[in-house]
Amino acid sequence: EVELIIGKQPTIPQLGVTESQNRFNLVFQNFLGVFAQKEHPLVIFIDDLQWADSASL
């Protein structure tokens, strides 16, 4: 559904585990940066975080 908004994206190359994690972190940070600005801060409410396991954090 996002493709309808941003258009078709090129295929990305397969990476190792560390590189994939780094790429995800960068993309997620950039994604949040679209919504979070100095003038318009973003608040994220995470409910029941105490039930998350270590791997999820």
For this session: Taking Val27 as the residue in question, decide whether it is assigned to a helix (DSSP H, G or I) and exposed (fewer than 10 other Cβ atoms within 10 Å of the Cβ).
Result: no
Exercise. Only one of these conditions is not met by Ser20: (1) surrounded by fewer than 10 Cβ atoms within 10 Å (Cβ to Cβ); (2) of a type in the set (Gly, Ala, Ser); (3) assigned to a helix (DSSP H, G or I). Which number is it?
Worked result: (1)
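A short reminder: the numbers here are calculations on the coordinates, not readings from a lab. A quick note: this is a predicted structure, and the numbers were derived from the prediction, not measured. Virtual Cβ from ideal backbone geometry, glycine too; neighbours counted across all protein chains shown.
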